[in-house]
Amino acid sequence: MKLQDIFTKAYSEISVDKIVYGRDASELEGSCQAVVWPTHKEQVQHMLKFASKDMHFTIRGAGSNTLGAAVPSQSIVVDMSRMNKILEWGSDFVVVESGLVLGELLTSLEKKRLVFPIKPLELPLCTIGGMIAMNTYGLDTYYGRMENWVEELEVIDGEGNRVKVSGAQLKDFLGAEGITGIILSAKLKLLTEPRQKTVSIFKFNTITSLMDKAIILDKSPNVLAIEYLDDFCSHYLSLGQSLHLLVEYGNDAGVIKDPEEIAKIDELKEKLQHVLINKKYTQKEDPKISIQQHAKFLHWCQKNGVPCFGHMKLGIFHPNFREGSPLQREMHMLVMGLQGEIAGQYGIGRKRKRSVSLDRKVRLQTLKTKYDPKKILNRGILID
Ligand SMILES: Cc1cc2nc3c(=O)[nH]c(=O)nc-3n(C[C@H](O)[C@H](O)[C@H](O)COP(=O)(O)OP(=O)(O)OC[C@H]3O[C@@H](n4cnc5c(N)ncnc54)[C@H](O)[C@@H]3O)c2cc1C
């Protein structure tokens, strides 16, 4: 089979394309043999069904993941961004092709007064397929991951079979980082309006007093989110140089009730990441730690001057490091010592394969054998 015959002009071997598609938002550099831009599911199916033995494919959405999950390894990059149509509307769902970027979906939803609540920081840019494959969280973490909002998928597996996926089988693709199949389209659940919330901001001088409050808040059924801000992050958000908890309630228990004021606080959360990058803290981590161990972890960050914010209800923190800092490795050791997970939110990609637990590795290998026995999809990503 010749890919040029399937894709005609939507096939490239020119060096500038190979260089551009050899990378994603990680600093990793891979090796891209060619790029294809499918526009129809039949092309994807044909490509995988008749792939010759030496062909390997790396699937790409917008390339915004930071872990090398879309970096090729002697493979053909399948850029899904031209499969970007909205296929069907319902009163509480929408069916979209996987290459649609979230920003465009949100613009269309606004016109229909409907809401899709998973909005990661890079929201205008990332694709629905990439968000499903990484099982992304949005900024409002209380909406959960993509898995809570996907009802059905249409997928082409590594053998070229077209599969409709729903119910328990969705887990075989959500968060699988493209190793089990190419997602063609997705049926997404929608809301008619965002969840109403009120907000309170609490200030603390010590981690001990902050933790006392956080443990009480964590037990309240009305608390949607407990966002931790250390003194560094608080300072740059103009809250003053102290520790803060930004608490979001699902009822009117919060002090701040005005939607406009709440929207400004949401903007602050978005701003934080840019502030850190401007200060050259380019390495954002995402360890997950049980609440019993939060104090030890936060003391370590404070002692070592590591700027940190986090989602305490999920147990996920974002300590930020400068490029090449030895503290990053030290933090990994600490998290393992606290029985936490190094990769709590952003996925594994090429960079963090060592942190996949043995149980998960076994499960992923079983899925790989089931859906992609020839191992032609996303080689070297998530598992070896
Ligand atoms: C500044 C910044 C902020 C970020 N903030 C967040 C955040 O708040 N929350 C969060 O969870 N992530 C965040 N991310 C990471 C990233 O934006 C998400 O992982 C995003 O979902 C990736 O989407 P993408 O379209 O760019 O996918 P890509 O990066 O192109 O691909 C990601 C993975 O999905 C696979 N894939 C893509 N399309 C398909 C498909 N159609 N079928 C099968 N597999 C596919 C790829 O092979 C790859 O393994 C952030 C990244 C940056 C740079």
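Throughout, read-outs are computed from the coordinates displayed, never taken from laboratory work. Note that the structure is predicted; figures quoted are calculated from it, not measured. Note that each Cβ is placed from the backbone with ideal geometry, even for glycine, and that neighbours are counted across all protein chains shown.
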> Just for the Cα atoms in the chain, what are the lengths along the principal axes, largest first, rounded to whole Å?
Replying inline: 66, 49, 37
>> Please check: in the Gaussian network model of the chain (C-alpha springs, under 10 Å), which one of 97, 159, 177 has the largest mean-square fluctuation.
In response: 159
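Under DSSP H, which helices of the chain have Cα atoms covering 24 Å or more of the helix axis and a Kyte-Doolittle average no less than -1.0?
Numbers: long enough: 259-278 (29 Å, -0.51).
For the chain, where a helix must reach 24 Å along its axis and average at least -1.0, the hits are 259-278.
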> Picking from 369, 127, 180, which is most flexible by a Gaussian network model of the chain using Cα springs under 10 Å?
Replying inline: 369
>> Placing unit charges on C-beta atoms (Lys and Arg positive, Asp and Glu negative, everything else neutral), compute the dipole magnitude of segment 198-337 about its Cα centre in debye, rounded to 20.
In response: 480 debye
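In percent, what relative contact order does segment 1-72 have, based on Cα pairs under 8 Å that are 6 or more apart in sequence? Could you put the intermediate results ahead of the total?
Numbers: 90 pairs, mean separation 29.7, N = 72.
41 percent.
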> Per the helix-only calculation at 222 nm, which mean residue ellipticity applies to the chain, given -39500 (n - 2.57) for every DSSP H run of n ≥ 4 and division by its residues, nearest 500 deg cm²/dmol?
Replying inline: -8500 deg cm²/dmol
> Taking a quarter of the surface of the Cα convex hull of segment 1-159, what do you get in nm²?
Replying inline: 9.7 nm²
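Note down the relative contact order for the chain as a percent, whole number, built from C-alpha pairs under 8 angstrom at least six residues apart.
On the way: 798 pairs, mean separation 60.7, N = 384.
Averaging sequence separation for qualifying contacts and normalising by length gives 16 percent for the chain.
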>> Give me the one-decimal nm value for the distance between modelled label points at residue 162 and residue 299, 7 Å along each residue's Cα-to-Cβ direction.
In response: 6.0 nm
>> At a 4.7 angstrom Cβ threshold, list every cysteine in the chain that has nobody to pair with, or say none.
In response: 32, 126, 233
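Answer rounded, prolate or oblate for segment 198-337, using the Cα gyration tensor with square roots of eigenvalues a ≥ b ≥ c: rounded when a/c is under 1.5, else prolate when a/b is larger than b/c, else oblate.
Numbers: a/c = 2.03, a/b = 1.37, b/c = 1.48.
Note, shape of segment 198-337 comes out oblate.
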> What do the square roots of 5 times the Cα gyration tensor eigenvalues come to for segment 83-193, in whole Å, largest first, as semi-axes of the equivalent ellipsoid?
Replying inline: 21, 15, 13
> Dividing the Cα radius of gyration by the Kirkwood radius, what Rg/Rh value follows for segment 119-265?
Replying inline: 1.09
> Under the classification rounded if a/c is under 1.5, otherwise prolate if a/b is larger than b/c and oblate if not, where does segment 59-110 fall, given a ≥ b ≥ c as square roots of the Cα gyration tensor eigenvalues?
Replying inline: prolate
> If you build a Gaussian network model of the chain, linking Cα atoms that sit under 10 Å apart, which residue out of 348, 277, 289 swings the most?
Replying inline: 277
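Based on the Cβ-Cβ distance from residue 203 to residue 121, what FRET efficiency comes out when R0 is 41 Å, to the nearest 0.05?
Working: r = 25 Å, r/R0 = 0.61.
Using R0 = 41 Å, I get an efficiency of 0.95.
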> Around residue 31, with a cut-off of 12 angstrom between Cβ atoms, what is the net charge of the other residues, counting Lys and Arg +1 and Asp and Glu -1?
Replying inline: +2
